[in-house]
Amino acid sequence: QVRLVESGGGLVQPGGSLRLSCAGSGIIFSSSAMAWYRQVPGKERELVAGISVGGSTNYAESVKGRFTISRDKSKNTAYLQMNSLKSEDTAVYYCKAAWSLSVYWGQGTQVTVSS
């Protein structure tokens, strides 16, 4: 059974940093395309950052230069380093993995940026 578990969310002041982690079990991260999405109440879930099997990355315009997605294949864990956080980054952040013709989601972790 595939399971993705996010962690690292919390409350941070504007301008601060957080690192989200997505730990996977029952899945091979080295063969998976990974992505981070976020969602606020009343809005659709939006792509924040993605990393392909080959390591290519892509980012939403709103986070370029501030967020970095990475993956540690040995730990089967993906990360989202978030710097220079803004209030508009407040959302529930979800990890997504595309592996073996299936898509898997984590349960989400809340990120709140507020003074």
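The values are calculated or read from the model by the stated rules, or taken from the named source; none is laboratory data. None of these values were measured; they are calculated from a predicted model. Virtual Cβ from ideal backbone geometry, glycine too; neighbours counted across all protein chains shown. The protein model used for the area step is the full one, side chains on, heavy atoms only, and it has no ligands, DNA or RNA in it. Shrake-Rupley method; radii C 1.70, N 1.55, O 1.52, S 1.80 Å.
With respect to the conditions (1) charged (D, E, K, R); (2) closer than 17 Å to Val5 by Cα; (3) in contact with a Lys or Arg (Cβ under 7 Å, 6 or more places away or on another chain), Arg71 falls short on a single one, namely (3).
For the residues Ala49, Ala23, the requirement of being of a type in the set (Gly, Ala, Ser), part of a strand (DSSP E or B) and open to solvent by 30 Å² or more (accessible area, probe 1.4 Å) singles out Ala23.
Residues of region 26-46 being out of contact with any strand residue (DSSP E or B) (no Cβ under 7 Å at 6 or more places or on another chain) and assigned to a loop (DSSP other than H, G, I, E, B), which ones? Within region 26-46, Pro41, Gly42, Lys43, Glu44 meet the criteria. Checked against the criterion of being free of Cβ contacts under 8 Å to residues at least 24 places away in the same chain and touching a Phe, Trp or Tyr at 6+ places or on another chain (Cβ under 6 Å), region 69-78 has at least one qualifying residue.
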